[in-house]
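Trainee: First the structure, which I've put down as structure tokens, then a few questions once you've had a look.
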Amino acid sequence: MEYRRLADTEIEVSEVGFGVWTVSTGWWGEINDEQSVQLLRRAYEEGINYFDTADTYGSGKGETLLADAFDGMREEIVISTKIGYDFYNYTERRGQQERPQNWSEEFLRFALEQSLKRLDTEYVDFLQLHNAKMDAVESDAAFEIMEEFKKEGKIRSYGVALGPKIGWLEEGQKAMRERNISSVQMIYNLLEQEPGRDLIETARETGTSLVVRVPHSSGMLEGKYTKDTTFDMNDHRRHRSKEWLLEGLRKVEQLDFLTASGERTLGQAALKFILASPEVASTLPNIYDKEQLREFAATPETPDLTEEELVHVEELYENNFGLKDNQLSAWGEKLTAEG
């Protein structure tokens, strides 16, 4: 495993982190708490020291799982969590609908105290405003309280997470340019490079670190999907359309050159692409079994993408992987006929 520094802090995070969302929400298939704790401990054994969660993950479960997994090991791991959603007063949630957010000083302090209790720790290494919209980025009070948390020793650094879906360029750039943040968490991958490329440029200008989630484009870049892939009822990917699946497979076909040498898998190449940007401190692949954990954790041991490979990726992306609507339709019909 290789490690990178979070902006100008003294916090060293593993290039491959562990997004606790996967094992705490049930949105990636059922997994019990014992299995989740074992997987988290195994991740540490594989060299992963950076664990990213949020107070809303499993309504607190993401944080309690970390406390259970790493009891007595607080100094050996880096914990980031997120606050801002008021799931305390708005307990019900329909599908992926967002709950109300609250950026008041009173609520943020309450939320952090609850997180610290669930994590069974006195401090958080990296605290993020969860899916911060422009109202949060423009709130002086929200960032003033984050500074107070630092002075009180309750957090070591802070930043914003952008979401829930891809986007939020203006919010990310404004936060990096106008707020004293260490890092921005964003979505970025081989297939979804906007607005990530612009955010990387801003991070370079401002000295901000980036943490990248959804590095495998909701599993598309893990190399396991086929035209017949389906998802369980409780799997959040079930809302994806057939067109999304077919288009993604057609694009992935054209990335074979990244794995032709046999020295890295597609899943590893996807992470290497992101890590080619030094502004990225860590990646957060979705990890839900030991085999996948071993594969992703071994990524730093695989060859970096060459300049030629990076240029080829850029050319493919700029040309939408050569796809046109009629080509995609014909390719989908071909797959169906061969099925």
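Just so it is clear, none of the values below were taken in a lab; they were calculated from the coordinates. Nothing here was measured: the structure is a model prediction, and the numbers come from that model. Virtual Cβ from ideal backbone geometry, glycine too; neighbours counted across all protein chains shown.
Trainee: Past 26 Å, Cα to Cα: identify those pairs from LYS117/LYS165; LYS242/LYS324; LYS150/LYS174; LYS133/LYS290; LYS174/LYS272; LYS82/LYS165, in the order given.
Mentor: Where the Cα-Cα span goes over 26 Å, the pairs concerned are LYS117/LYS165; LYS133/LYS290; LYS174/LYS272.
Trainee: Build a GNM of the chain with springs between Cα atoms under 10 Å: which of GLY196, GLY223, GLY19 gets the top mean-square fluctuation?
Mentor: Looking only at GLY196, GLY223, GLY19, the largest GNM fluctuation is found for GLY223.
Trainee: Quick one: what are the phi-derived ³J(HN,Hα) couplings along the range 75-80, Karplus 6.51/-1.76/1.60 with θ = phi - 60°, whole Hz, x for glycine and proline?
Mentor: 6, 9, 10, 10, 10, 10
Trainee: Taking LYS251 as the anchor, which aspartates and glutamates have their alpha carbon closer than 17 Å to its alpha carbon, excluding any fewer than eight residues away along the same chain?
Mentor: Output for LYS251: GLU192, GLU194, GLU222, ASP228, GLU243, GLU309, GLU314, GLU315, GLU318, ASP325, GLU333.
Trainee: Measuring from the lowest to the highest alpha carbon on each principal axis, how far does the range 118-198 reach, largest first, in angstroms?
Mentor: Ordered largest first, the range 118-198 gives principal extents of 40, 27, 17 Å.
Trainee: Give the whole-number value, in cubic angstrom per residue, of the convex hull volume spanned by the C-alpha atoms of the range 8-154.
Mentor: 123
Trainee: Choose one answer from LYS133, LYS324, LYS251: the residue with the largest mean-square fluctuation in a GNM of the chain with alpha-carbon springs under 10 Å.
Mentor: The residue that fluctuates most here is LYS324.
Trainee: P(r) of the range 33-74 in 5 Å steps, Cα pairs, percent per bin?
Mentor: In whole percents, the pair-distance histogram is 6, 24, 34, 26, 9, 1.
Trainee: Something else: Per residue and in Å³, how big is the convex hull formed by the alpha-carbon atoms of the range 74-136?
Mentor: 102
Trainee: Antiparallel DSSP bridges in the chain: what percent, to the nearest 5?
Mentor: 10
Trainee: May I pose another question? What are the GluC sites (Glu not before Pro) within the range 190-227 that DSSP puts in a loop, where the Cβ has at most 16 other Cβ atoms within 10 Å?
Mentor: Qualifying residues, ordered by number: none.
Trainee: Something else about it: Express the C-alpha Rg of the chain as a ratio against the empirical globular expectation 2.2 N^0.38 Å, rounded to two decimals.
Mentor: In units of the 2.2 N^0.38 Å rule of thumb, it is 0.98.
Trainee: With each pseudo-label sitting 7 Å past Cα toward Cβ, what's the GLU318-GLU147 distance in nm, one decimal?
Mentor: 4.3
Trainee: Report the full-extension gain for the segment LYS165 to PHE87: residue separation times 0.36 nm, less the Cα-Cα distance, to one decimal in nm.
Mentor: Value of the extension gain: 26.2 nm.
Trainee: At most 14 other Cβ atoms within 10 Å and a DSSP loop assignment: could you name the GluC sites (Glu not before Pro) in the range 1-109 that fit?
Mentor: GLU2, GLU10, GLU30, GLU92, GLU98
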